[in-house]
Every structure is written in structure tokens, then in C-alpha cells.
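What follows is a single structure, written as C-alpha cells, with notes after it.
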Amino acid sequence: SASAQNFGAHIGGSFAKVTNSFKESGISYSIGTDAKFGLTAGAFMELPLRKSFGFRPEINFSQKGFKLNFSEGEDKVTGEETYNYLELPLIFTYKLNAGSGQVLLGAGPYFGFGISGKTKSTITVGGQTETMNASVKFDGKTEDEVTDNNTHLKALDAGLSFLGGYQLKNGLVFTAGYGLGLSDLSPD
């Protein structure tokens, strides 16, 4: 990312994954997924609060989702889902001088709104293979309300953002972040 005065823009990549947890017939299941690469781009504002402390609100386009690769015997499921979000991280920062620049540390909540998405899957059962492509709808419909093959999720997401990086004297900033989602996105 780069900043001019107290404003800046950034672009980068992300690796996202989800945990699918559900209950069926009184038994709890949890399916882990593989990380999926996505794009993150946005703008931020640096607001100094005290000598080394600041507030950094951001507005970002962020791609999330997961890859799934599951097999049992000859049966196999592979696929991926992509979720596109408009996110608002509200990060409180701490900067300390290091060399000719500053180390940047930050944490705070984030709020996201799902805007679009897609899902692709290939299912092989009993030697028969079927490929499906569908949309991700952020309408909060439950399985009982759905009459299509689309994935339906809640639109609002929230969690915690963590940030670390280094700001050069000329304003160029190199950062790495971690977002910990705390919302249950499934309407079911």
C-alpha cells in the first residue's frame, strides 16, 4: 500500500478458508477446507490519536471462500466457492520507530457485506460424475425456503482484523493482515 498525507490505497492477495460445522441426527460434524486465493483492494485513512497511536478505517473489496477436496472410496467431491465482500475494518494502530521507518501494528473489528459469489463443484458417486456451477446469494434464505441449486448465506459478516507491517520514510507501507471471522454465515 502507499499513502499520501493521511490517505492511501492498497492492493494484495488473500488466502481464505472456512469451517463447515453442522448437526445431523444429533451428531455434530465439522468439515475442514483448503485455502483459496482471492483479491483484496481498497482505501484507508490514517487518523493520529496520540503520539504513537492512531485509527485506520478502511473500505475494501475482499474475496473469500474455500476449496473442498473430499473422497471416500470411489466417491469424490471437489469444488470451490468464492465470496465477494465489501468490508469495513476499523483498525487501531501503534507505530514505533525502527531504522529509517516505522513498525506498524494494529487490531480492531471488521464488518463485511456479501455482494456476490459463485460455486463450482464436481461430484462423483457410484461411477457417475456431475459438474455444477451456481451462484452464491447473500439473501439469508434457509434450506426450507430454497428452490434452486444456489448457495444461500447471510449477508452480514463480522470479525477481528490484525495488521502488522513496516512503513518506509517515503510513505510506502508493506503489511500483512489476518482476519478472524466470528459470524455464522449459514442461515441454517
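The values are calculated or read from the model by the stated rules, or taken from the named source; none is laboratory data. Being a predicted model, the structure only gives us computed values, none of them experimental. Cβ coordinates were reconstructed from backbone atoms using ideal geometry, including for glycine residues, and neighbour counts include every protein chain displayed. All accessible areas refer to the heavy atoms of the entire protein, side chains included, with ligands and DNA or RNA removed. Shrake-Rupley method; radii C 1.70, N 1.55, O 1.52, S 1.80 Å.
Just wondering, is there one or more residues in region 113-124 that are more than 18 Å from Pro89 (Cα to Cα) and outside any strand (DSSP E or B)? Before the answer, list the steps.
Within region 113-124, the subset more than 18 Å from Pro89 (Cα to Cα) is 116-124.
Remaining after also requiring outside any strand (DSSP E or B): none.
The answer is no, given that none of the residues of region 113-124 is more than 18 Å from Pro89 (Cα to Cα) and outside any strand (DSSP E or B).
Can Tyr94 be described as under 18 Å from Ala41 (Cα atoms) and assigned to a strand (DSSP E or B)?
Working: under 18 Å from Ala41 (Cα atoms): no; assigned to a strand (DSSP E or B): yes.
So Tyr94 fails the test.
State yes or no: is Ser161 polar (S, T, N, Q) and in contact (Cβ under 8 Å) with a residue 60 or more places away in the chain? Working first, answer last.
Numbers: polar (S, T, N, Q): yes; in contact (Cβ under 8 Å) with a residue 60 or more places away in the chain: yes.
In short, yes.
Within region 87-105, track down each residue that is touching a Leu at 6+ places or on another chain (Cβ under 6 Å) and open to solvent by 30 Å² or more (accessible area, probe 1.4 Å).
Of everything in region 87-105, those that are touching a Leu at 6+ places or on another chain (Cβ under 6 Å) and open to solvent by 30 Å² or more (accessible area, probe 1.4 Å) turn out to be Tyr94, Lys95, Val103.
Glu58 is checked against (1) buried (at least 18 other Cβ atoms within 10 Å of the Cβ); (2) modelled with pLDDT under 90; (3) acidic (Asp, Glu) and fails just one. What number does that condition carry?
Unmet for Glu58, out of (1) buried (at least 18 other Cβ atoms within 10 Å of the Cβ); (2) modelled with pLDDT under 90; (3) acidic (Asp, Glu): (2).
Can you tell which of Thr19, Thr40, Thr78 is open to solvent by 60 Å² or more (accessible area, probe 1.4 Å) and of a type in the set (Ser, Thr, Tyr)? Walk me through it before giving the result.
Numbers: Thr40 fails: open to solvent by 60 Å² or more (accessible area, probe 1.4 Å); Thr78 fails: open to solvent by 60 Å² or more (accessible area, probe 1.4 Å).
Only one candidate qualifies: Thr19.
Going by the structure shown, is Lys51 in contact with a strand residue (DSSP E or B) (Cβ under 8 Å, 6 or more places away or on another chain), among the basic types (Lys, Arg), farther than 16 Å from Phe162 by Cβ and modelled with pLDDT under 90? Break it down stepwise before answering.
Details: in contact with a strand residue (DSSP E or B) (Cβ under 8 Å, 6 or more places away or on another chain): no; among the basic types (Lys, Arg): yes; farther than 16 Å from Phe162 by Cβ: yes; modelled with pLDDT under 90: yes.
Criteria not met by Lys51.
Across region 121-130, what is the number of residues that are within 28 Å of the chain's Cα centre (by Cα) and either exposed (fewer than 13 other Cβ atoms within 10 Å of the Cβ) or at pLDDT 95 or above (or both)? Before the answer, list the steps.
Initial filter on region 121-130 (within 28 Å of the chain's Cα centre (by Cα)): 121-123.
Now restrict to residues that are either exposed (fewer than 13 other Cβ atoms within 10 Å of the Cβ) or at pLDDT 95 or above (or both): 122.
Selection size over region 121-130: 1.
Does Leu160 satisfy being open to solvent by 30 Å² or more (accessible area, probe 1.4 Å) and in contact with a Leu (Cβ under 7 Å, 6 or more places away or on another chain)? Outline the logic, then answer.
Working: open to solvent by 30 Å² or more (accessible area, probe 1.4 Å): yes; in contact with a Leu (Cβ under 7 Å, 6 or more places away or on another chain): yes.
Criteria met by Leu160.
Residues of region 6-56 being of a type in the set (D, E, K, R) and farther than 23 Å from Tyr94 by Cα, which ones?
Lys17, Lys23, Glu24, Asp34, Lys36
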